Amino acid sequence: MTAEKARIAREFIEKIPHCAALNMSITQIGEGMAQIEMPYDARFIGDPDTGVIHGGAVSALMDTCSGAAVMSHPRSPAATATIDLRIDYMRPATPGQTIVARAECYHITRSVAFVRATAMDDDVERPVATATGTFTVEQRS
Amino acid sequence: MSRAAPDPVQVVKQRRDAALGSLVSGVPYIQYLGIRFDRRGDELTAILAYDDKLIGNPALPAIHGGVTAAFLEITAMMTLNWTWLWPDIESGALDPDALAAGNLPRLPKTIDFTVDYLRSGLPRDAYGRARVTRLGRRYASVQAEAWQDNRDRPIAQATAHFLMPRKEG
């Protein structure tokens with residue numbers, strides 16, 4: 001992936017209204033890999049007793065990060081859409097800590113891209129959640 | 001044969017709506033996304049009011065897939081909470097005043113969540129309903145669906161598994 005394509009992907013994703021709303025920022029992208037961070041925010045709490053972030057916000061982060069990984073793959077023309085995404089929640093994210101998602105597009109065909117992703121907080125040894133998904137590969141006509 | 005007269009309709013409705021209100025209003029993320037619930041008897045319909053911040057693809061435009069996933073997860077989770085707590089709400093075992101004060105019972109936790117995207121979400125309101133297909137002592141399975149203009153053309157469907165809290169006491 002060229003630096004130019006990485007810049008375009010970064011701008012494209014950071015301009016997405018919902019990603020901006022969740023304060024997501026890309027910290028790494030290229031060659032089918034992406035890393036996106038989402039800082040802790042009280043508005044995204046799912047359990048008011050503990051202050052743990054809602055799983056839905058983690059889903060949004062995983063979906064965005066997985067899509068970014070597909071876009072950054074050398075054999076991906078550009079745009080992509082999620083076909084399906086499965087998320088396993090291993091443990092609650094620690095309140096107050098930034099959640100970091102890393103996604104890898106590990107296989108791509110003319111029509112389908114396959115992705116796996118992991119979400120972590122400060123304790124990187126114990127993932128918060130993992131995801132696997134398939135994405136469309138839009139053909140340039 | 002005699003039995004106690006049923007509670008007046010206003011009392012029953014007030015008790016149910018108060019319980020639902022406490023379950024929904026206590027969760028910041030549900031409020032942030034602008035999701036509310038419509039109740040008909042024990043059936044819940046989730047409503048996602050459209051807002052510009054929900055957009056994921058400004059070119060189409062389309063709702064962000066993460067929003068659709070979160071909406072379905074909230075629909076599934078709330079329907080499970082509602083189904084699970086319903087007998088205690090009806091019997092009065094769950095104190096409505098305690099619920100309103102934010103003293104919620106321990107609630108199920110999501111184990112995994114799978115979403116299939118069927119059509120792109122248009123920039124307008126979306127609706128969701130879920131069905132608890134199994135409610136066990138330790139695990140529950142829930143299916144959920146979201147649609148917009150046409151109930152027979154869902155935009156996404158989901159399956160989720162939940163870990164049930166151990167009964168207190």
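The values are calculated or read from the model by the stated rules, or taken from the named source; none is laboratory data. Predicted model only: the values in this text are computed from it and were never measured. All Cβ positions, even for glycine, are placed from backbone atoms using ideal geometry, and neighbour counts span all protein chains on display. Please note that ligands, DNA and RNA were not included when accessible areas were found on the heavy atoms of the full protein model with its side chains. Shrake-Rupley method; radii C 1.70, N 1.55, O 1.52, S 1.80 Å.
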Solvent-accessible area per residue, Å², over the protein assembly as shown with all protein chains present [probe radius 1.4 Å]
49 Å²
How large is ³J(HN,Hα), in whole Hz, for each residue of the stretch A:77-90 in order, when computed from phi with the Karplus curve 6.51 cos²θ - 1.76 cosθ + 1.60 and θ = phi - 60°, using x for Gly and Pro?
x, 4, 6, 8, 9, 6, 8, 8, 8, 10, 10, 9, 9, 7
For the charge dipole of the stretch A:3-136, defined by +1 on Lys and Arg C-beta atoms and -1 on Asp and Glu C-beta atoms about the Cα centroid, which residue among A:Ile83, A:Met33, A:Ser111 has the Cα displaced farthest towards the positive pole?
A:Ser111
From the phi of every residue in the stretch A:37-53, what ³J(HN,Hα) in whole Hz does the Karplus formula 6.51 cos²θ - 1.76 cosθ + 1.60 yield, where θ is phi - 60° and glycine or proline is x?
10, 9, x, 4, 8, 4, 5, 9, 5, x, 10, x, 5, 10, x, 6, 5
At 222 nm, what value in deg cm²/dmol follows for chain B if DSSP H runs of at least 4 each add -39500 (n - 2.57) and the sum is divided by all its residues, to the nearest 500?
-10500 deg cm²/dmol
So what is log10(I(q)/I(0)) for the stretch B:1-111 at q = 0.16 1/Å, when the Debye sum runs over its Cα atoms only?
-0.79
Roughly how tilted is helix A:3-14, in degrees to the nearest 10 and between 0 and 90, from the longest Cα axis of chain A?
40 degrees
What does the C-alpha gyration tensor say about the overall shape of the stretch A:13-82? Classify as rounded when a/c is under 1.5, otherwise prolate if a/b is larger than b/c, or oblate.
prolate
For chain B, the accessible surface attributable to carbon and sulfur atoms (probe 1.4 angstrom, ligands and nucleic acids excluded) amounts in percent to 49 percent
What would the Debye equation give as log₁₀ I(q)/I(0) for the protein assembly as shown at q = 0.07 Å⁻¹, counting only Cα atoms as equal point scatterers?
-0.28
For chain B, longest principal axis from Cα atoms; helix B:9-25 axis from its Cα atoms; angle between them, nearest 10 degrees, is 50 degrees
Taking θ = phi - 60°, what integer Hz values does the Karplus form 6.51 cos²θ - 1.76 cosθ + 1.60 yield along the stretch B:78-91, in sequence order, with x for Gly and Pro?
5, 5, 5, 4, 5, 4, 6, 8, 3, x, 6, 6, 5, 7
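If you wrap a convex hull around the C-alpha atoms of chain A and split its volume per residue, what is the figure in Å³?
97 Å³
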Can you list the residues, at least 5 places off or on another chain, whose amide H is less than 5 Å from the amide H of A:Gly32, using H built in the peptide plane?
A:Ser72, A:His73
If you take the accessible area of B alone plus A alone and subtract the pair, what total do you get in square angstrom, rounded to 100, with a 1.4 Å probe?
2300 Å²
Sparse-neighbour loop sites [trypsin sites (Lys or Arg not before Pro); the stretch B:1-66; at most 13 other C-beta within 10 Å; DSSP]:
B:Arg3
